[in-house]
1. Give me ASP108, ASP53, ASP86 ranked fewest to most by other Cβ atoms within 10 Å of their Cβ, as a rough exposure proxy.
2. Please compute the net charge surrounding LYS100, taking Lys and Arg as +1 and Asp and Glu as -1 over other residues with Cβ under 13 Å from its Cβ.
3. For the chain, what is the mean residue ellipticity at 222 nm derived from helices alone (per DSSP H run of n ≥ 4: -39500 (n - 2.57); sum divided by total residues; nearest 500 deg cm²/dmol)?
4. With just the Cα atoms of the chain, tell me how far they stretch along each of the three principal axes, in Å, largest first.
5. Give, in nm to one decimal, the length gained when the segment between VAL23 and CYS123 is fully stretched (0.36 nm per residue of separation minus the Cα-Cα distance).
6. What's the extension gain from SER31 to LYS100 if we count 0.36 nm per residue and subtract their Cα-Cα distance?
7. Dimensions of the range 66-132 along principal axes (Cα, Å, largest first)?
8. Just list whichever of LYS5/LYS100; LYS77/LYS111; LYS5/LYS94; LYS5/LYS71; LYS5/LYS104 have alpha carbons separated by over 28 Å in the model shown.
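Read-outs: derived from the displayed coordinates by stated rules, not from any lab. It should be emphasised that the depicted structure is a prediction, and the values quoted were computed from it without experimental measurement. Cβ placement follows ideal geometry from the backbone for every residue including glycine, while neighbour counts extend to all protein chains displayed.
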Amino acid sequence: MVETKDYCSNCNNIINISIQQTVINRCLRWSISSQCPFCNSMIESDDIGFPPDDIRRIILAEEGEYQLLIKQSELNKVKAVKVLRDALEISITKASTILKLFPKPIVDGTKIEMFYLQKLLECEGIRAEVCRL
């Protein structure tokens, strides 16, 4: 969980905001919540998938950036492209371009995102490793 500060949209005082990213039932999820101690205004939001860029930047700034490496010499590219396409919601062309980076790191992001992709690849028999940048 990441803690950050922002202004309350109701009373303009500085408040704490909690941001969380997790994987539940093979689905990447994120949430953001706050409660103003001055006016009791509450905000809670969550969704499935990758968080919006502004929230993702906060997570990356706090936790650092991670990368995913495929750890096998023989790669079933069809399976890997399918996993990346589905998980990242990208085109076949983009997924194929990412795999051309193999054996170098193929993608980077938050720690939870990389472990999520690692598990999806491993479910298809593709060994992968998560490393901090």
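1. Numbers: ASP108 14, ASP53 8, ASP86 11.
Fewest-to-most ranking of ASP108, ASP53, ASP86: ASP53, ASP86, ASP108.
2. On the way: positive: LYS77, LYS94, LYS104; negative: none.
The answer is +3.
3. Working: 4 runs with 44 residues, N = 133.
After summing the helix terms and dividing by residue count, I get -10000 deg cm²/dmol.
4. Largest first, the chain extends 58, 25, 24 Å along its Cα principal axes.
5. Working: separation 100, 0.36 × 100 = 36.00 nm, distance 1.46 nm.
Using 0.36 nm per residue and subtracting the Cα-Cα distance, I get 34.5 nm.
6. Details: separation 69, 0.36 × 69 = 24.84 nm, distance 3.31 nm.
Difference between extended and current length: 21.5 nm.
7. 26, 25, 21
8. On the way: LYS5/LYS100 40 Å; LYS77/LYS111 24 Å; LYS5/LYS94 36 Å; LYS5/LYS71 39 Å; LYS5/LYS104 36 Å.
Over 28 Å apart, Cα to Cα: LYS5/LYS100; LYS5/LYS94; LYS5/LYS71; LYS5/LYS104.
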